[in-house]
Every structure is written in structure tokens, then in C-alpha cells.
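FYI, it's all coordinate maths here, none of it is from the lab. Because the structure is predicted, anything quoted here is derived from the model rather than measured. Backbone-built Cβ (ideal geometry, glycine too); neighbour counts: all protein chains shown.
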Amino acid sequence: MRTELNSAENALITEAAAADYLGISIRTIQAWRVRGGGPNYVKLGKAVRYRPSDIQVWIEAHLTSSTSEAEVRL
């Protein structure tokens, strides 16, 4: 089965677009890259890009239903 390179799930977005999508500052997403814990990203030379599908996977992995669940993960 052939994968379409132009599909939305394969699109690469900038760190600014990823931060905007997540509702966080660019500094926060940059800090996550340094410390770990943020969505997977792609490094192309000096350019940092994110796949929307990776951001969605990261969001799904951080779903919680109570504050006690969130504390366990930290």
C-alpha cells in the first residue's frame, strides 16, 4: 500500500504552529524539546517541525479524568 506524501497526517508544521495548536508559548514547546516530555518532532538541519499526527498521539497520551491521575504521571 502506497502512502501519499501530501496527506495531512504527513504534513510538517512549524514549532509556532504546533505551539499555537496546543495553546502554549513557543518557549514552552522549546523547553519540552530540551527536557523531553513534549510531542515527537522532526529536525531538518536547524529547522524543527512537527507532524499533526504526533501531536495528536501526545495529546491522547496525556488525557486524564481526575487530578489524582495527573499527579501519578508526574
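Treating each Cα of region 15-74 as an identical point scatterer and summing with the Debye formula, the log10 of I(q)/I(0) at q = 0.15, 0.21, 0.29, 0.30 Å⁻¹ comes to -0.48, -0.87, -1.32, -1.35.
A full extension of the chain between K43 and H62 corresponds to an added length of 4.5 nm, given 0.36 nm per residue minus the alpha carbon distance. Phi angles of region 20-30 translate, via the Karplus equation with coefficients 6.51, -1.76, 1.60 and θ = phi - 60°, into HN-Hα couplings of 4, 4, 7, x, 10, 7, 4, 4, 5, 5, 5 Hz per residue; Gly and Pro are given as x. Annotation for region 14-74: chymotrypsin sites (Phe, Trp or Tyr not before Pro) lying in DSSP loop with at most 16 further Cβ atoms inside 10 Å of their Cβ do not exist.
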